[in-house]
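First comes the structure, then the notes that go with it.
The values are calculated or read from the model by the stated rules, or taken from the named source; none is laboratory data. In this text the structure is predicted, and so the values were computed from the model without any measurement. All Cβ positions, even for glycine, are placed from backbone atoms using ideal geometry, and neighbour counts span all protein chains on display.
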Amino acid sequence: MAEGPALHALRLEVRDFLSQQIDAGVFVPHVDTWLTRWDRDFTRELARRGWLGMVIPREYGGQGRTYLERFVVTEELLVVGAPVAAHWVAERQIGPALLRYGTEEQKQAFLPAISRGEVVFGIGMSEPDSGSDLASVRTRAERVEGGWRLTGTKVWTSGAHEADAFFALARSAPLDPKHRHEGLSQFIVDLHAPGVQIRPIVSMGGDHHFNEVHLDGVLVPDDRVLGRLGDGWRQVTAELGFERSGPERFLSTFQLLAAAASAMHDGALPQDPGLGRHVARVAALHQMSFAVATALESHEDADTAAAVVKVLGTTGEGDIADYVDTLTATGWVADEQLYRLLHAAILQRPGFTLRGGTNEILRGVIARGLGMR
């Protein structure tokens, strides 16, 4: 599936801009930057150039462009390891979800700010002891005058310590063991509201990307219910199509692969045929992810295809880290940049197949989507 001349021109425009940014020292390329690298100034510069809110209509402050154009921009950002974490969640899935399920007031309140890079969002899905089984969430939403009070704990919430708000999945009706996916609703929660406590989860490398978010009777007004009450499971499932299929699911370690190729060219690493296999995998995943973006553009169901991209892509990301680690196992790496990227990739590797739904769970999603029993 080839991109047309207009998409190719956009790709070259973004690529030229990023090359200038690197040369000017605005950022240093890294791995896994959609999770680990925050730069609000860089995010606002992307917004100024029209590269945020790309699929948001102009009447809501966006660019009114296509999912394919957005795909090209995000892919180029990830390929060079740009610092995009400040806007990633809002741009990737919050905006599209608000367009699909939000009220007119919610759209006006949040979409222009997302497009300007001025508001940071998180996602409140996972909970302690629940893993990828979102139907088992225990966060409660209790009806009160004028709104709902949310009580519970969300975990692995990326960037919550930097975010202004998040979408929280909560049980708004008593659990029916025979229909576990019913009675769930989504709420737009102000993370600065009374009753919200954010606790850091520090990774093995000492970095702070994830958080526990404790909700202790947090009041959410009626006008911050997202979509229909009780329809949270269907909404979340649709949103995960945006979360699981993008180029961040196979490009998190691309900078490491590129550095290894450069080191081979310069003689700092031995020539190895395995490099070609990994490049071929990335190329194939690019085509698969691009196909999902095409489906989203056509308003087609992409849940199963997105799960396939996520399983294969995140496995490939980890395999790249293992491959370069093996290449360098015989001694110290002379290339300082390669060593820096490899060290970071190894530390981040355990999370690749966990975030966004574990690959074990997603294989079940794929089997159901393909009609298997």
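Taking helices (runs of 4 or more DSSP H) as the structural unit, those lying wholly within the stretch 29-79 and holding at least 3 residues that are more than 17 Å from the chain's Cα centre (by Cα) and farther than 23 Å from Gln106 by Cα correspond to 40-48.
Looking at Pro177, Pro128, can you tell me which residue is modelled with pLDDT under 95 and farther than 25 Å from Gln348 by Cα?
Working: Pro128 fails: farther than 25 Å from Gln348 by Cα.
One residue alone meets the criteria, Pro177.
Which of the residues belonging to the stretch 104-130 are under 16 Å from the mean Cα position of the chain (by Cα), assigned to a loop (DSSP other than H, G, I, E, B) and farther than 19 Å from Trp51 by Cβ? Met125, Ser126 - these are the residues of the stretch 104-130 that are under 16 Å from the mean Cα position of the chain (by Cα), assigned to a loop (DSSP other than H, G, I, E, B) and farther than 19 Å from Trp51 by Cβ. When Tyr67, Tyr60 are checked against the criterion of being in contact with a Ser or Thr (Cβ under 9 Å, 6 or more places away or on another chain) and at pLDDT 95 or above, Tyr60 stands alone in meeting it. Going by the conditions given, is Ala295 in a helix (DSSP H, G or I), of a type in the set (A, V, I, L, M), surrounded by fewer than 19 Cβ atoms within 10 Å (Cβ to Cβ) and touching a helix residue (DSSP H, G or I) at 6+ places or on another chain (Cβ under 9 Å)? Here the answer is yes, as Ala295 does meet what is asked. The single condition from (1) out of contact with any strand residue (DSSP E or B) (no Cβ under 6 Å at 6 or more places or on another chain); (2) at pLDDT 95 or above that Gly246 fails is (2). Among the residues of the stretch 169-208, those identified as under 25 Å from the mean Cα position of the chain (by Cα), surrounded by fewer than 22 Cβ atoms within 10 Å (Cβ to Cβ) and part of a loop (DSSP other than H, G, I, E, B) are His181, His192, Ala193, Ser203, Met204, Gly205, Gly206, Asp207. Mind listing just one residue for me: the one in the stretch 56-105 that is out of contact with any Pro (no Cβ under 7 Å at 6 or more places or on another chain) and polar (S, T, N, Q) and, of those, surrounded by the fewest Cβ atoms within 10 Å (Cβ to Cβ)? Step by step, filter the stretch 56-105, then rank; the result is Thr103. Tally up the residues in the stretch 18-28 that are surrounded by fewer than 18 Cβ atoms within 10 Å (Cβ to Cβ) and assigned to a helix (DSSP H, G or I), please. Qualifying residue count for the region: 5.
Pull up the stretch 220-250, narrow it to residues that are part of a helix (DSSP H, G or I) and among the acidic types (Asp, Glu), then point me to the one that is nearest to Arg349 (Cα to Cα). Selected residue: Glu248. Test Ala263 against the criterion of being in contact (Cβ under 8 Å) with a residue 40 or more places away in the chain, buried (at least 19 other Cβ atoms within 10 Å of the Cβ), in the same structural domain as Glu317 (by TED's automatic domain parsing) and farther than 19 Å from Phe71 by Cα, and give yes or no. Answer is yes for this residue.
Of all the residues in the stretch 196-217, those that are over 16 Å from Ser158 (Cβ atoms), in contact with a Ser or Thr (Cβ under 8 Å, 6 or more places away or on another chain) and hydrophobic (A, V, I, L, M, F, W, C) number 1. Of all positions in the stretch 154-168, none carries a residue that is surrounded by fewer than 19 Cβ atoms within 10 Å (Cβ to Cβ), touching a residue at least 12 places away in the same chain (Cβ under 8 Å) and among the basic types (Lys, Arg). Summed over the stretch 88-128, the residues that are among the hydroxyl-bearing types (Ser, Thr, Tyr) and in contact with a Phe, Trp or Tyr (Cβ under 7 Å, 6 or more places away or on another chain) give a count of 1. All conditions in (1) closer than 21 Å to Ser289 by Cβ; (2) out of contact with any Asp or Glu (no Cβ under 7 Å at 6 or more places or on another chain) hold for Arg48, with the sole exception of (1). All of (1) out of contact with any Phe, Trp or Tyr (no Cβ under 9 Å at 6 or more places or on another chain); (2) in a helix (DSSP H, G or I) hold for Leu269 with one exception: (2). Within the stretch 79-117, the residues that satisfy the criterion of being among the small types (Gly, Ala, Ser) and in contact with a Lys or Arg (Cβ under 7 Å, 6 or more places away or on another chain) are Ala85, Ala86, Gly117.
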